[in-house]
Each structure stands twice: as C-alpha cells, then as structure tokens.
1. Find out how many positive minus negative residues lie around Ala24, taking Lys and Arg as positive, Asp and Glu as negative, among other residues whose Cβ is under 13 Å from that of Ala24.
2. What net charge do the residues around Glu34 carry, taking every other residue with its C-beta under 15 Å from that of Glu34, with Lys and Arg at +1 and Asp and Glu at -1?
Amino acid sequence: MSTEAPKPKAARPRPQVIKITDRAAQRISSILAEKGDGIAGLRIGIKKGGCAGMEYTLEWAAEKSPLDEVVEQNGARVLIDPKAVLYLLGTEMDFKTDKLSSQFVFSNPNQTSACGCGESVTLKPVSKDKLEGIQA
C-alpha cells in the first residue's frame, strides 16, 4: 500500500479578463510613472447608474485587494474588481484621442446597449456556456 499523496494536477493558466491595447497600456503606464510610488494600478469595475443601468468605474488604487484580478502589459497594471469579472470577460480596453477628447474606450462583448451620451451601458454577465468554454 502506497502512502504517497496524489500529485496535484498542473494548474491551467487562467484567461485574462480583459485585453489592453498597446495605446491603453502606454497611457496607463505613463500616468503611473507620473503618479510615482504608492499606486498599485488602475482599478476597473462597474456600478449601477446612468440611464442604461451600469457604468464603468476607473480609479487609481493605492493597493491591490486580495481578490482583484491583475492584468499586466507593457508597464501597465490593471486591477479588476472581482464583482466586475463576469461582466468584463472578453473586453478590450483601448485609449482613443480625437479633436475634442482623450478617453479609455471599452469594447465589451457582454454589452447589450448603451445610452446616447455613451456614459452608461447595459451589461449581461458571461453566459454559462461561454464561461465553460473559457475554462476548458
């Protein structure tokens, strides 16, 4: 009779919650450099609000929360609020500049609609079928 403990299965790499474009990563990392030490990263979340029902939230975080998902790319560090993960899976974050504004823009496959001003969106959580495909 063997007393050896079963070998643990190799952990599968987890998919990144969001993809950060090079432009967004460059902008985040340049702002982080300006802010200096004491900033753990840019925290992204969602909250109820606006005419479409939900809004993206962006804030500079002094520290990483234990359950934050972390996405790092080209010097940019983004912390994803755990309550937002199912709404943000598959999202691409970009930074766009035009004649009148510069802003982070989200291309989210879980978005079903947006208000006319673009400040709020309607999001649905990732479906169980899609989630199982990501985890497989």
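1. Every neighbour counted, the sum reads +1.
2. Result for the neighbourhood of Glu34: +2.
Only the coordinates and a few stated rules stand behind these numbers; no lab work does. Being a predicted model, the structure only gives us computed values, none of them experimental. As a convention, Cβ positions derive from the backbone with ideal geometry for all residues, glycine included, and neighbour counts pool all protein chains shown.
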